[in-house]
Amino acid sequence: MKILLLHHAALPVTDLERSKTFYREILGLEEVFRAPFPFPGAWFALPGGQRIHLIVSPGQTLRTGKGIDSRDGHFALRVASYREALEELAQKGYTPDADDELRRIKVDPHSVAGFPQMYLLDPDRNLIEINAERLDL
């Protein structure tokens, strides 16, 4: 088997409109056409044809009550500038010391991974890593 790329990550959500707002307005992703499945959901485009699929379904597995734990299941988005991503998130109220846990980010500019990382939660506590090739603070 020759894997070419990660095609999509599917995430469980409980409030589709709230989640669509987060992925569109906070992460800046473009919503794209979604096949007419018989259940609610939305698709968002990433470069290279990759997608994030949001799915509303009874019985789904959610991270209810969990905070940011970089060792938990997550997906990672690579950005061009760590500094610019931090600044943009801060303008939207996402900071390391935010009072609202869902707007709190964990920053690790000198990660042992060898590249700068930050973590945040979507409205359903799906964990998202944002990283960059290099630190540009």
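The values are calculated or read from the model by the stated rules, or taken from the named source; none is laboratory data. For clarity, every value in this text was computed on a predicted model and none was experimentally measured. A quick note on method: Cβ atoms are made from the backbone with ideal geometry, for glycine too, and the neighbour counts reach across all protein chains shown. Areas reflect the complete protein model, heavy atoms only, side chains present, ligands, DNA and RNA absent. Shrake-Rupley method; radii C 1.70, N 1.55, O 1.52, S 1.80 Å.
Data for the structure
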item	result
The range 28-47, subset over 17 Å from Ile130 (Cβ atoms) and touching a residue at least 24 places away in the same chain (Cβ under 8 Å), residue surrounded by the fewest Cβ atoms within 10 Å (Cβ to Cβ)	Pro40
Every residue from the range 6-22 that is part of a strand (DSSP E or B), aliphatic (A, V, I, L, M) and either open to solvent by 30 Å² or more (accessible area, probe 1.4 Å) or touching a His at 6+ places or on another chain (Cβ under 6 Å) (or both)	Ala10
Residue check for Glu25: touching a helix residue (DSSP H, G or I) at 6+ places or on another chain (Cβ under 8 Å) and open to solvent by 80 Å² or more (accessible area, probe 1.4 Å)	no
Pairs where the first residue, in the range 70-92, is closer than 10 Å to Ala132 by Cα and the second is open to solvent by less than 90 Å² (accessible area, probe 1.4 Å) and part of a loop (DSSP other than H, G, I, E, B), C-beta under 7 Å, 6+ apart	Ser81/Asp136; Tyr82/Pro109; Tyr82/Pro116; Tyr82/Leu135; Tyr82/Asp136; Arg83/Asp136
